[in-house]
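Undergrad: Right, I'll just put the structure down here and ask away after.
What follows draws every value from the coordinates through simple rules; no lab data is involved. These figures come from a predicted structure and were not determined experimentally. Using ideal geometry, Cβ is built from the backbone for each residue, glycine included, and neighbour counts are taken over all protein chains shown.
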Amino acid sequence: MIFTVAIDGPAAAGKGTISRAVAARFGLRHLDTGLLYRAVGVLGGDPVTAARGLRAEDLARDDLRSLAAGQAASKVAVIPEVRAALVEFQRKFARSKGGAVLDGRDIGTVICPEAEVKLYVTASPEVRAHRRWLEVGGDEGAVLAEVKERDARDMGRADAPLRAAVDAVVIDTSEMGIDEAVARAAAVVEMVLKARR
Ligand code: C5P
């Protein structure tokens, strides 16, 4: 079965949790594409060379989840040659046998416009910053500024900017617990899978 679930949206909207839950529920492979950009960002040196030479162990580093890695990722993610170097791996993963869930910023718009399911998971910047702050601590105002800065860079870049695909189902998790968000996403996947049977 070739079956792609594309889950896009801004940082800390709940994409990661929803993606892992949907992948587990339907037995699909999962790729967190943000990790590719985070790895390129923290590797340092020339980002294009880093992206072209990315190895599996680079994605297993334990420093990829920090705010700094997120910022570094969004800076290298504006470089078209970096994005181009990562396209093929993501496309292959998306259309691999058995089905796959990919979460990121441009999965439904650029990496896999033919995805059978497209979700756009979002929430207000304040709610997302609060969630991120609960994880990382520190000054909540600074976390909010970081979230807004990254949104602006991700949405404003020329190459593959963050936006909902026209045919994406939008899930706003601002006033939703994670269980409800997962249930909504799973219901969409279930409906599409049923229609194919
Ligand atoms: O999702 P995550 O916060 O891990 O992504 C880190 C950064 O990587 C994002 O802010 C974005 O700039 C970039 N990214 C991207 N395209 C993707 C996934 C992530 O540009 N598909």
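Undergrad: Could you calculate the FRET efficiency of residue 49 with residue 2 from 1/(1 + (r/R0)^6), where r is the beta carbon distance between them and R0 is 30 Å, rounded to 0.05?
TA: The computed FRET efficiency comes out at 0.40.
Undergrad: Given the alpha-carbon gyration tensor of region 1-85, what are the semi-axes of its equivalent ellipsoid in whole angstrom, ordered largest first, with each equal to the square root of 5 times an eigenvalue? Present the calculation step by step, with values, prior to reporting the outcome.
TA: Working: eigenvalues 114, 42, 30 Å².
Rounded to whole Å, the semi-axes are 24, 14, 12.
Undergrad: For the chain, what does -39500 (n - 2.57) per DSSP helix run (n ≥ 4), summed and divided by total residues, give at 222 nm, in deg cm²/dmol to the nearest 500? Walk me through the numbers on the way to the answer.
TA: Working: 8 runs with 101 residues, N = 197.
It comes out at -16000 deg cm²/dmol, rounded to the nearest 500.
Undergrad: Just want to confirm a number: the relative contact order over region 9-138, from Cα pairs under 8 angstrom separated by 6+ residues, in percent.
TA: Relative contact order comes out at 38 percent.
Undergrad: Which of the peptides 178-189, 120-131 is most tightly packed, and how do the rest follow, going by the mean number of other Cβ atoms within 10 Å of each residue? Intermediate values should be presented prior to the final figure.
TA: On the way: 178-189: 16.7, 120-131: 19.7.
Descending mean neighbour count gives 120-131, 178-189.
Undergrad: Another question about this same structure. All other residues with a Cβ under 12 Å from the Cβ of residue 145 taken together, and with Lys, Arg as +1 and Asp, Glu as -1, what is their net charge?
TA: -3
Undergrad: For region 63-97 and region 156-184, what is the separation of their C-alpha centers, rounded to whole Å?
TA: If we compute the Cα centre of each part, the gap is 18 Å.
Undergrad: Also, I was wondering about something else. Taking a cut-off of 30 Å, what percent of all Cα-Cα pairs in region 4-196 are separated by more than that?
TA: Values: 2805 of 18528 pairs.
More than 30 Å apart: 15 percent of the Cα pairs in region 4-196.
Undergrad: Rounded to whole Hz and in sequence order, give me ³J(HN,Hα) for region 39-52 from the Karplus expression 6.51 cos²θ - 1.76 cosθ + 1.60, θ = phi - 60°, writing x for Gly and Pro.
TA: For region 39-52, the Karplus curve yields 4, 4, x, 7, 5, x, x, 6, x, 5, 4, 4, 5, 5 Hz.
Undergrad: Could you name the lysines whose alpha carbon sits less than 29 Å from that of residue 75, not counting residues in the same chain fewer than 8 places away?
TA: Partners within reach: 15, 92, 118, 148.
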